[in-house]
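**Q** I have a structure here, written as structure tokens, and I will follow up with some questions on it.
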Amino acid sequence: MIGNINKDNCLVNLGLIGVGRWGRNIVKTTSEIPGLKLICVSSNNLNTKKFIPKDCKIFPNWRDLIDYPELDGVIVCTPPKTHFRISESFIKKGYPVLIEKPLTLNYDEAKKIYHLSKSNNNLVMTDFTQLFNLKFIALKESLKLVGDIKFLITKTGNYGPYRKDTPVLWDWGAHDLSVLLSLMGHSPKKIFSKKVKENIRRNEDESLWKINCVFDNEIESTTLIGNMMPRSRKIGVLGSKGMLVFDDISTNTLTFHSNWDHRDFPSKGGQTIKVDSKKEPLYCILESFSNLIRRGINNHWSIEMGVEISRLLKECSPQDLYDMKFLN
């Protein structure tokens with residue numbers, strides 16, 4: 001069976017569909033992981049040769065990868081509206097597939113991908129990179145410090161990127177919702193979104209959004225995301241004993257603020273918690289994907305989360321945003 005290698009030390013050969021900004025990061029990272037080799041890519045970019053290994057084959061049409069010899073799995077890194085038709089073809093052929101988030105821009109398509117993966121007994125992962133961040137894992141391992149969780153706050157954004165093919169709410173929201181679901185262990189029972197700011201003069205989506213969730217036991221969360229703010233990636237977990245703060249931009253990535261009881265990030269101070277961050281998040285997820293292929297494991301929790309986040313984003317998306325602009 002394709003992808004069912006089941007040998008501890010064998011080389012895993014991957015194909016990549018899409019060599020844009022994030023695709024180039026994937027190319028670079030695959031070259032750093034032992035036992036992993038990028039053997040073919042699909043791209044129409046004439047500069048692709050500059051970014052890939054010399055012996056890596058380039059195909060302008062992604063369908064040409066389906067029957068490429070020695071291919072053990074594929075990574076789909078194309079605009080989200082194309083994810084379903086590409087992943088569907090590879091899943092039906094038995095290839096393990098890693099799909100960039102969001103899984104799709106269509107909840108029905110997300111469910112179809114999930115059912116295809118199950119009916120074909122096929123490994124499908126969603127690239128929720130931050131959940132593989134060793135700093136975030138250290139945050140989860142330190143949750144006992146805060147006591148009973150009372151409130152969560154996240155803030156993620158930058159100036160850009162500006163995309164015509166993906167709404168900001170889905171592009172940035174998928175990351176932060178994955179963080180919230182991972183921390184809480186379940187979905188919110190209520191979710192709301194509100195556009196805070198936008199630049200209507202730009203053809204691409206440039207906006208800021210707030211997402212509010214209500215979880216079991218009336219635990220609430222607030223999230224600010226978008227591409228109209230200084231670079232930020234912060235998580236705060238407020239509990240009965242204080243707040244844990246993860247700040248991926250700060251030199252002190254993880255801090256505990258004893259007795260802090262405000263629903264906002266502390267401006268300074270806190271007890272620094274040591275974090276092992278030798279591996280970048282993308283390295284960790286690609287390493288995990290290749291190890292699952294190598295061991296012949298055909299299921300992963302991230303596909304279920306990808307479907308659920310598609311449902312949540314659909315539920316909190318304004319209908320005019322969700323419909324014609326990005327799906328056609």
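The values are calculated or read from the model by the stated rules, or taken from the named source; none is laboratory data. Computed from a predicted model, the values in this text were never measured in an experiment. Note that each Cβ is placed from the backbone with ideal geometry, even for glycine, and that neighbours are counted across all protein chains shown. The accessibility values were calculated without ligands, DNA or RNA, using every heavy atom of the protein model including side chains. Shrake-Rupley method; radii C 1.70, N 1.55, O 1.52, S 1.80 Å.
**Q** Projecting each Cα onto the charge dipole of the stretch 167-288 (Lys/Arg +1, Asp/Glu -1 at the beta carbon, about the Cα centre), which of Ser277, Gly185, Ile200 comes out farthest on the positive side?
**A** Ile200
**Q** What nm value, rounded to one decimal, do you get for the distance between Asn252 and Lys189 when each label is placed 7 Å out toward the C-beta?
**A** With each label point 7 Å from Cα toward Cβ, the separation is 3.7 nm.
**Q** Continuing with the same structure: Please list, ordered by chain and number, the residues whose modelled amide H lies under 5 Å from the amide H of Thr253; skip anything fewer than 5 residues away on the same chain.
**A** Sorted by chain and number, the residues that satisfy this come to none at all.
**Q** Sorted by packing (mean other beta-carbon atoms within 10 Å per residue), highest first, where do 134-142, 286-294, 45-53, 97-105 land?
**A** Going by the mean number of other Cβ atoms within 10 Å, highest first, we get 97-105, 286-294, 134-142, 45-53.
**Q** Counting only the backbone N, which residues of the stretch 210-237 are under 16 Å from the spot 7 Å out from the Cα of Leu143 toward its beta-carbon?
**A** 214-222, 235-237
**Q** Between Gln319 and Asn25, 0.36 nm times their residue separation minus their Cα-Cα distance comes to what? Intermediate results must be reported in sequence, preceding the final value.
**A** Numbers: separation 294, 0.36 × 294 = 105.84 nm, distance 3.30 nm.
Gain on stretching Gln319 to Asn25: 102.5 nm.
**Q** Given H placed 1.01 Å from N in the peptide plane, which residues other than close sequence neighbours of Thr126 have an amide H under 5 Å from its amide H?
**A** So Thr126 has HN proximity to Ile99, Ser302, Ile303.
**Q** Using alpha carbon coordinates only, what is the Rg to Rh ratio of the chain, with Rh defined as the Kirkwood radius?
**A** Looking at the chain, the ratio lands at 0.97.
**Q** So, one more: Among Leu224, Ser250, Ile211, whose Cα projects farthest towards the positive end of the dipole of the stretch 199-257, with charges put on the beta-carbon of Lys, Arg (+1) and Asp, Glu (-1)?
**A** Ser250
**Q** Whose amide H sits under 5 Å from the amide H of Leu36, counting only residues 5 or more places off or on another chain, with H placed in the peptide plane?
**A** Result for Leu36 returns Val12.
**Q** Please give the calculated 222 nm ellipticity per residue for the chain, where each DSSP H segment of at least 4 residues contributes -39500 (n - 2.57) and the sum is spread over every residue; nearest 500 deg cm²/dmol?
**A** Values: 9 runs with 97 residues, N = 328.
Calculated at 222 nm, the ellipticity per residue is -9000 deg cm²/dmol.
**Q** Report the full-extension gain for the segment Val196 to Asp55: residue separation times 0.36 nm, less the Cα-Cα distance, to one decimal in nm.
**A** 46.0 nm
**Q** Determine the shape class of the stretch 1-146: with a ≥ b ≥ c the square roots of the Cα gyration tensor eigenvalues, call it rounded for a/c under 1.5, and otherwise prolate if a/b is greater than b/c, oblate otherwise. If you can, show how the numbers build up before the last one.
**A** Working: a/c = 1.44, a/b = 1.24, b/c = 1.17.
Rounded, because the longest to shortest axis ratio a/c is under 1.5.
**Q** In whole percent, how big is the carbon plus sulfur part of the accessible area of the chain, probe 1.4 Å, protein atoms only?
**A** Roughly 47 percent, rounded to a whole number.
**Q** Can you give the accessible area of Asp216 in Å² (nearest 10), computed on protein heavy atoms with a 1.4 Å probe?
**A** About 80 Å², ignoring ligands and nucleic acids.
**Q** Any chance you could look up the accessible area of Tyr114 with a 1.4 Å probe, heavy atoms only, rounded to 10 Å²?
**A** 60
**Q** While we're on this one: Hey, how many Å between the Cα centroid of the stretch 87-151 and the Cα centroid of the stretch 59-85?
**A** 18
**Q** Multiply the residue separation of His115 and Lys274 by 0.36 nm, subtract the distance between their alpha-carbon atoms, and state the gained length in nm to one decimal.
**A** 53.2 nm
**Q** Between Asp216 and Glu32, what FRET efficiency follows from the Cβ-Cβ distance if R0 is 41 Å, with the result rounded to 0.05? Before the final figure, lay out each step's value.
**A** Values: r = 41 Å, r/R0 = 0.99.
FRET efficiency, Asp216 to Glu32: 0.50.
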